[in-house]
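First the structure, in the form of structure tokens, and then the observations on it.
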Amino acid sequence: MKLLQPNVAVICNCELLQVLTERGVHLGGRALPSERMAHQYLASQPVRQLSGEQLTEFFSLLEAYNLSQGELLQLANLAPRTPVEVHLIVADCESRLGDEGVETVLAAVAERVAAEPADGAAEAEGEGANGMQEE
Amino acid sequence: MFLVTQIEDQIRVLPQDLTKAPVDAVTTVIEQRFVDKVIPNLGLVVTIYDVLNIEGGFVYPNDGAAFFKVQFRVVVFRPFVGEIIVGKLKSCSRDGLRVSLDFFDDVIIPEHALQDPSFYDESERLWVWKFDGNDMYMDLQEPIRFRVQSVKFNPTPTPQQLQNATGDDKLLGTAAKPFSPMEVIGDINGDGLGLTTWWAG
């Protein structure tokens, strides 16, 4: 076995979700159990699944701040909702972004990337409503 | 935390699978050989990205199977140092925490990397972070945010090493002490790290 290119590219969680869907993780598909587990983990994160163009649009919103690839990737993977999380992701946040920078990042994330958690409150309400309708 | 790797390998397709299209036959074998396995010093293969090139198909004497030289790409799980990841707290022990990402269970947060000051509660068998007079219990199954400190690859022990093992290592490979080829060591000592509920807006 030869590793021709150990690192062709780093991919985002949403890109991996697309690959897994193509591999057939949904019911009736022919994906392996470990692929289904990976899909389960990624789908449970409160992050919207963006397509390729939506991702580049999101990155272009933050072009002015000169964030590194790793930082942009983490923003798309984690969808931070509080300033603390942005400070964790971006190194040297105070000098590079400052308070308004952090606000802009949070606004861009809220607009493009964040999604409600899949399990918990939303589903419980949904199930309750469905239950009533069926009866 | 995922990267794409290009691999070239000799893939052996069994005679009964030769009626299938080469791509399908080869994909099945790659699934068995690579997916959910750790490539040493690289990472855990999560899924096949695509198959680039299939050559060959030679059948060697005394072996009815066909050998193809295949170039393909796989998606590998390999977090970089300093990356922030959210997982689920799986178990607590004196030595620290064990976090699970559903497809990967070997994330270890050693006890010295917990928030300062943290204590192990013997009765509950849980770690507690005493912050501002409040007892923040680290309950199981809670989402936990951690930072990657290092990624360790353990070489598979040879039969010789297993024979010469002493003490605890004698159990290596059994359910009492399972062998993990890849371990991610994390830390939750910092603002924003630890249970996500601690820092929720």
Worksheet item: Could you list, in sequence order, the residues of the range B:125-163 that are part of a strand (DSSP E or B) and polar (S, T, N, Q)?
Response: B:ASN134, B:GLN149, B:SER150
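Per-residue answers, yes or no, for (1) in contact with a Phe, Trp or Tyr (Cβ under 9 Å, 6 or more places away or on another chain); (2) more than 30 Å from B:VAL128 (Cα to Cα):
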residue: B:PHE77; (1), (2): yes, yes
residue: B:PHE80; (1), (2): no, no
residue: B:ILE85; (1), (2): yes, no
residue: B:SER91; (1), (2): no, no
residue: B:VAL107; (1), (2): yes, no
Worksheet item: For the range B:163-184, does any single residue satisfy the condition of being in the same structural domain as B:ARG98 (by the TED database), surrounded by 11 or more Cβ atoms within 10 Å (Cβ to Cβ) and within 13 Å of B:LEU89 (Cβ to Cβ)?
Response: no
Discussion item. With the structure loaded, tell me whether B:LYS37 is of a type in the set (Lys, Arg) and in contact with a helix residue (DSSP H, G or I) (Cβ under 9 Å, 6 or more places away or on another chain) or whether it fails that test.
Written reply: no
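Per-residue answers, yes or no, for (1) surrounded by 19 or more Cβ atoms within 10 Å (Cβ to Cβ); (2) more than 9 Å from chain A (Cβ to nearest Cβ):
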residue	(1), (2)
B:MET1	yes, no
B:GLY64	no, yes
B:VAL70	yes, yes
B:PRO79	yes, yes
B:GLY87	yes, no
Practice prompt. Go through (1) out of contact with any Asp or Glu (no Cβ under 9 Å at 6 or more places or on another chain); (2) facing another protein chain (nearest Cβ under 9 Å) one by one and return the number of the condition A:HIS87 breaks.
Written response: (1)
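Mind telling me which of the residues A:GLU71, A:GLU116 ends up being of a type in the set (Asp, Glu), more than 19 Å from B:LEU101 (Cβ to Cβ) and at pLDDT 85 or above?
A:GLU71
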Response to the item:
Within the range A:62-84, of all residues that are within 11 Å of chain B (Cβ to nearest Cβ) and touching a Lys or Arg at 6+ places or on another chain (Cβ under 9 Å), the one surrounded by the fewest Cβ atoms within 10 Å (Cβ to Cβ) is A:ALA79
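Sort through B:ASP24, B:ASP36, B:ASP106 and tell me the only one that's closer than 27 Å to A:ALA9 by Cα and in contact with a strand residue (DSSP E or B) (Cβ under 6 Å, 6 or more places away or on another chain).
Details: B:ASP24 fails: in contact with a strand residue (DSSP E or B) (Cβ under 6 Å, 6 or more places away or on another chain); B:ASP36 fails: in contact with a strand residue (DSSP E or B) (Cβ under 6 Å, 6 or more places away or on another chain).
Being closer than 27 Å to A:ALA9 by Cα and in contact with a strand residue (DSSP E or B) (Cβ under 6 Å, 6 or more places away or on another chain) holds for just one of B:ASP24, B:ASP36, B:ASP106, which is B:ASP106.
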Practice prompt. Working only within the range A:1-59, note down all residues that are within 11 Å of chain B (Cβ to nearest Cβ), surrounded by 13 or more Cβ atoms within 10 Å (Cβ to Cβ) and of a type in the set (Lys, Arg).
Written response: A:ARG23, A:ARG36
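Among the residues of the range B:3-16, how many are facing chain A (nearest Cβ under 7 Å), surrounded by 20 or more Cβ atoms within 10 Å (Cβ to Cβ) and not hydroxyl-bearing (Ser, Thr, Tyr)?
Initially, the range B:3-16 is screened for residues facing chain A (nearest Cβ under 7 Å), giving B:3-9.
Within this subset, residues satisfying the condition of being surrounded by 20 or more Cβ atoms within 10 Å (Cβ to Cβ) are B:4-5, B:7.
Now restrict to residues that are not hydroxyl-bearing (Ser, Thr, Tyr): B:4, B:7.
Within the range B:3-16, residues that are facing chain A (nearest Cβ under 7 Å), surrounded by 20 or more Cβ atoms within 10 Å (Cβ to Cβ) and not hydroxyl-bearing (Ser, Thr, Tyr) number 2.
Looking only at residues that are more than 20 Å from B:ALA65 (Cβ to Cβ) and at the interface with chain A (Cβ under 9 Å from one of its Cβ atoms) in the range B:17-40, which one is surrounded by the fewest Cβ atoms within 10 Å (Cβ to Cβ)? Can you show your working first?
First, pick out the residues of the range B:17-40 that are more than 20 Å from B:ALA65 (Cβ to Cβ): B:35-40.
Still in the running and at the interface with chain A (Cβ under 9 Å from one of its Cβ atoms): B:35-36, B:39.
Values: B:VAL35: 21, B:ASP36: 18, B:ILE39: 20.
Among those that are more than 20 Å from B:ALA65 (Cβ to Cβ) and at the interface with chain A (Cβ under 9 Å from one of its Cβ atoms), it is B:ASP36.
The values are calculated or read from the model by the stated rules, or taken from the named source; none is laboratory data. These numbers were taken from a predicted model, which means no experiment stands behind them. Note that we place each Cβ from the backbone using ideal geometry, even for glycine, and neighbour counts take in every protein chain shown.
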